[in-house]
Structure formats: C-alpha cells, structure tokens
1. Under 37 °C and 0.692 mPa s, how fast does segment 131-279 diffuse according to Stokes-Einstein, given a Kirkwood radius computed over C-alpha pairs? Answer in µm²/s, whole number.
2. Using the crude model of +1 on Lys and Arg Cβ and -1 on Asp and Glu Cβ, and no other charge, please compute the dipole size for segment 341-405 relative to its Cα centre, in debye to 20.
3. List the residues of segment 380-395 whose backbone N lies under 12 Å from a point placed 7 Å from the Cα of Q338 along the Cα-to-Cβ direction.
4. For segment 1-155, report the translational diffusion coefficient in µm²/s to the nearest whole number, using Stokes-Einstein at 20 °C, 1.002 mPa s, and a Kirkwood Rh over Cα pairs.
5. Mind checking the dipole of the chain: about its Cα centre, +1 per Lys or Arg Cβ, -1 per Asp or Glu Cβ, Debye to the nearest 20?
6. Evaluate the relative contact order of segment 316-396 (contact order divided by residue number), counting alpha-carbon pairs under 8 angstrom at least 6 apart; express in whole percent.
7. Which entries in K165/K240; K4/K304; K32/K240; K76/K215; K25/K304 show an alpha-carbon gap greater than 19 Å?
8. Would you mind calculating the gained length between V163 and L469 on full extension (0.36 nm times residue separation, minus the Cα-Cα distance), in nm to one decimal?
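Here, each number is a calculation from the coordinates, and none is a lab measurement. What you see is a predicted model; the values in this text were computed from it and never measured. A quick note on method: Cβ atoms are made from the backbone with ideal geometry, for glycine too, and the neighbour counts reach across all protein chains shown.
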Amino acid sequence: MEPKLFYQQPAARVGDVIPQYIDGKYQLFYLKNWRDHNAPGFVPGWHRMETTDLVHMGPESPIGVVGGTGDLIQDKDGVWHLFACIFPEGKQFVTHYISPDGCLDHWELQEEDTFGPDGEIYHCSDWRDPRIVYREDLGEYWMYLAARVNLPHSQTGCVGLCVSKDLKTWEYRQPAYFPQRFNGACECPDFFTMGDWEYLVFSSYTTLFGNYYVKRKAGESQWRIPQNHRLDSRAFYAAKTAGHDSERYLFGWNPTKERDDYGFWPARYHGQDYRTWDWGGSMVVHQLRQLPDGDLAVCLPAQKAAAFTQPVPYTPHPVTQGWQVEEGKLVSTTPGVQQMMLLGEQPETCHFQVTMRPEDAQQMGVVLHVQEEMKEGYYLAVEPDQGRLVYRSWMRMSEEGGKTFPYDVELEAPLRRPQDGLYRLEVVTEGTVGVAYVNGQAALSFRMYDYGGRSLGLFALGSGEFTQLEWRGREYE
C-alpha cells in the first residue's frame with residue numbers, strides 16, 4: 001500500500017490513537033472504525049501498527065481487545081498491562097488485560113479487575129479512556145480517566161484519578177483536573193512532562209469542541225490555562241501523545257464527512273462540504289515543541305516535510321489589480337481592498353509554504369483548489385488583529401451557504417503575534433485532507449471534499465508582502 005501522510009485504511013477510518021514509544025519505534029494502537037463489516041480481513045477492536053518515520057505505517061495487526069480508548073504500561077517485572085473501557089447496557093467500566101508472553105498482539109482479559117466509578121466522588125455516567133503513569137517518587141501507578149464529578153450542577157466534566165500499587169486494585173482520588181467548565185467528561189486524557197513542566201491534554205465534546213491542554217510547573221498543584229489553550233481546530237480530535245526525551249508527537253484524527261450517523265445532514269444536498277463531521281477519519285500527527293514560557297507549539301514533523309521532494313513550478317497570475325510582482329516577492333499594495341492571485345495548478349498531494357508580512361492587511365493567506373473567479377475554493381487566512389488562523393470554505397461565498405451556516409468562522413486556531421511581524425504559513429494536502437501550520441507553533445486541520453484539481457492562489461485584504469514561496473509535491477514509492 002502507498003504510504004499516506006494521513007493514514008487510513010480503505011474499508012475503515014482511524015478512531016482514537018493510543019501511541020507508545022517502545023524500543024526506538026512508535027507503536028500505534030488505534031480504535032479501527034470499520035465502515036464496511038463485510039470487508040476482507042474484518043476484525044473488530046483495537047489494531048496495532050508501528051512506524052519509525054511517521055510516514056511508513058504498518059502492517060496492521062488486530063490484538064483481540066474490544067473496547068474504547070485506553071493505555072498500556074510495562075510493570076517493574078517486565079509484564080505488559082493494557083487498560084481499555086467497555087460500555088455494557090449504557091454503563092461504563094475500565095478493563096484490564098495482561099500480555100502472557102510479552103507480545104503486544106497477545107492479551108488476556110483479567111475479568112475480575114474490571115471496575116467502574118465509585119458513585120461518591122465520581123458520577124456513574126462517565127468512566128472511560130484510562131491513561132496510566134507510573135509515579136516513581138511515590139511507587140504508585142496513577143490512572144487518569146474521562147469522568148464526571150458527582151455534583152448536582154451540570155459543569156461536572158473532569159479528568160478523574162485513581163491510584164494503585166499493583167495495577168489491580170485502585171483507590172479513588174479527587175479529580176486531577178476539574179475546572180467546573182464542561183458539561184461532559186474530559187475525554188482521552190494524557191499526562192506527560194517536558195523539562196520543568198507538566199502537561200495534561202484532553203478532548204472536549206461539550207462547551208468547547210476539540211483538543212485542549214493545561215500546564216503547571218513540576219511541584220505545583222494548580223493547573224494554568226496557556227495562551228494557546230486549544231491544540232489545532234474542531235477538525236482534529238481525541239489526540240494523545242508519545243515520545244522520548246528529545247521529541248514528542250501528538251496523534252489525533254481528522255474527521256470525515258461521509259456518514260449521517262447523527263442525523264444532522266442538511267435536508268437538501270448542496271455538496272459534501274456542507275455535511276457534518278463523523279467519528280473517526282484520517283490520522284494526523286503533529287510535533288510538539290516547548291516554548292520559553294512553557295506553552296506548547298504545534299508544528300509539522302520534519303519526517304513528513306521531508307517526504308516532499310518534487311518542486312512544483314508556479315507563475316504569478318494576478319486576478320485583481322493592486323499587485324506588485326518582484327523577484328522573490330509578491331506585494332499587495334492597496335489598503336482596504338482584497339487582492340487575489342493564482343500561482344498554478346495544485347497537485348492532490350503537496351506542501352506549500354510562504355512567509356507573509358502584513359502591513360495594514362486584516363487577512364493574508366492561501367486559497368486552495370480555486371478557479372479564476374476566486375469563488376469556489378478553500379481559504380486559509382492569518383488574521384493578525386484577531387490573533388488567529390481561520391479556514392473558510394466555498395460554502396461561505398454564497399447566500400445559500402450563509403443561510404445554512406449561521407456563524408462567521410468555520411474553523412480557527414489561536415496564533416501568537418510574532419515579534420518580527422512575519423507569519424510563516426505551511427499547508428500540507430493529501431486528497432481531501434489538509435493541515436495548515438503557522439510559524440511552527442499553531443496547526444489547523446480541515447477537509448476539502450467538493451473541489452480538487454484546480455489552482456492554488458494567494459490573497460490579502462489590504463497591503464502586505466509574500467516572500468519565500470516554496471511549493472513541493474510528493475513522489476510515492
């Protein structure tokens with residue numbers, strides 16, 4: 001199979017990823033969301049694959065674990081333990097498996113260890129997505145869970161905590177994180193340390209929708225909300241991390257718009273981009289870096305960037321007046337007016353990057369799969385005054401789209417204002433999947449269903465400079 005930058009199987013989609021870094025390889029367990037139960041090789045439950053470069057994945061192996069998101073850990077005696085969750089008759093429980101031979105594909109259920117919420121600290125409605133961390137200083141295993149506090153008000157979503165000495169018997173503790181902010185459990189919690197900082201990553205499907213994190217200095221008890229509280233956009237979910245001392249990656253999924261599982265599709269068909277998000281999709285991997293203030297930066301993994309080796313030629317073709325074309329520089333010269341330009345035909349898979357310096361421009365960015373009328377395409381714009389990167393599809397360019405979607409921004413991700421005033425925008429596309437990065441700090445995942453095989457362009461609402469344009473495609477093995 002051709003290696004994909006955004007991994008998925010033809011008959012299935014990628015659900016929650018449970019990544020582990022073991023012996024120099026990334027072992028990626030994931031919830032395989034089969035779209036065709038009659039497909040050859042159909043086996044329900046968790047699947048595992050490995051990768052060393054985040055580009056070449058697999059082959060896959062089913063591991064015989066049926067259930068929701070979880071974690072695995074090796075104890076002091078070298079025995080591997082796996083924890084998952086199950087949902088019998090509307091209830092939620094954590095399950096425990098042991099590998100009898102040390103193989104990551106062989107697991108035996110320890111049925112007597114299955115347990116649910118206590119009904120005192122934690123409400124019985126939510127108890128899932130265990131994440132296990134060994135606290136060497138205490139000689140204890142800490143289990144973080146998606147849970148809800150047992151209180152009468154609605155804002156009870158939290159990251160729960162249980163503690164064990166032997167990975168069999170668990171003591172209920174007060175929540176690891178309880179901001180009294182979320183109506184639903186904080187899903188897929190993940191805990192890790194980097195330098196002097198501790199981080200708690202989680203996903204929210206109520207109040208806020210997406211992936212979030214909080215931070216604190218080692219030894220502190222209170223979590224702090226960072227400037228870029230959100231990691232990526234609405235179109236990236238259930239992300240968990242893995243890595244080692246010198247690197248850490250964030251593994252999540254970019255949802256599809258293929259199935260009306262929730263009955264939310266518009267009554268009339270205007271295009272696939274109009275449809276609502278599914279559960280599961282294509283795997284997206286970001287690299288995490290630590291900024292001087294302890295915030296996390298989200299950037300394109302170098303291994304994925306290196307996969308693009310084929311230069312794509314481009315020729316500036318102004319669509320509107322107001323452009324000044326110089327060697328290595330494209331300048332939009334008119335304040336208060338949108339200026340648009342085409343560069344050339346866009347390959348299905350490509351990596352495009354450009355450095356932008358807004359003068360008085362309120363927006364500057366890239367438009368994908370567009371024609372010369374500059375209407376039906378996919379716009380990615382930096383908005384310096386708003387401190388964000390935004391995505392706007394062709395739907396918003398018509399009255400029908402405005403009526404269908406009564407909101408201003410489809411997708412957004414927070415941005416820091418750079419001291420030098422430069423915004424380095426990178427866009428990676430493969431088929432319908434796209435991810436944009438700015439300054440190696442922020443990411444925004446998106447989809448493009450209805451238009452392809454068209455041109456890539458630039459636009460600026462006001463005056464500004466585009467420099468350091470690089471455009472590369474990929475030659476598949």
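1. Numbers: Rh = 17.1 Å.
The estimated diffusion coefficient comes to 192 µm²/s.
2. Numbers: 6 positive and 11 negative charges, 49 e Å.
The dipole of segment 341-405 has a size of about 240 debye.
3. Residues 380-381, 392-395 fall inside that zone.
4. Values: Rh = 17.0 Å.
Answer, rounded: 126 µm²/s.
5. Working: 44 positive and 65 negative charges, 170 e Å.
So the dipole magnitude of the chain works out to roughly 820 debye.
6. Values: 105 pairs, mean separation 16.0, N = 81.
That works out to 20 percent.
7. On the way: K165/K240 24 Å; K4/K304 10 Å; K32/K240 16 Å; K76/K215 28 Å; K25/K304 16 Å.
Those over the limit are K165/K240; K76/K215.
8. Working: separation 306, 0.36 × 306 = 110.16 nm, distance 5.21 nm.
Stretched out fully, the V163 to L469 stretch lengthens by 104.9 nm.
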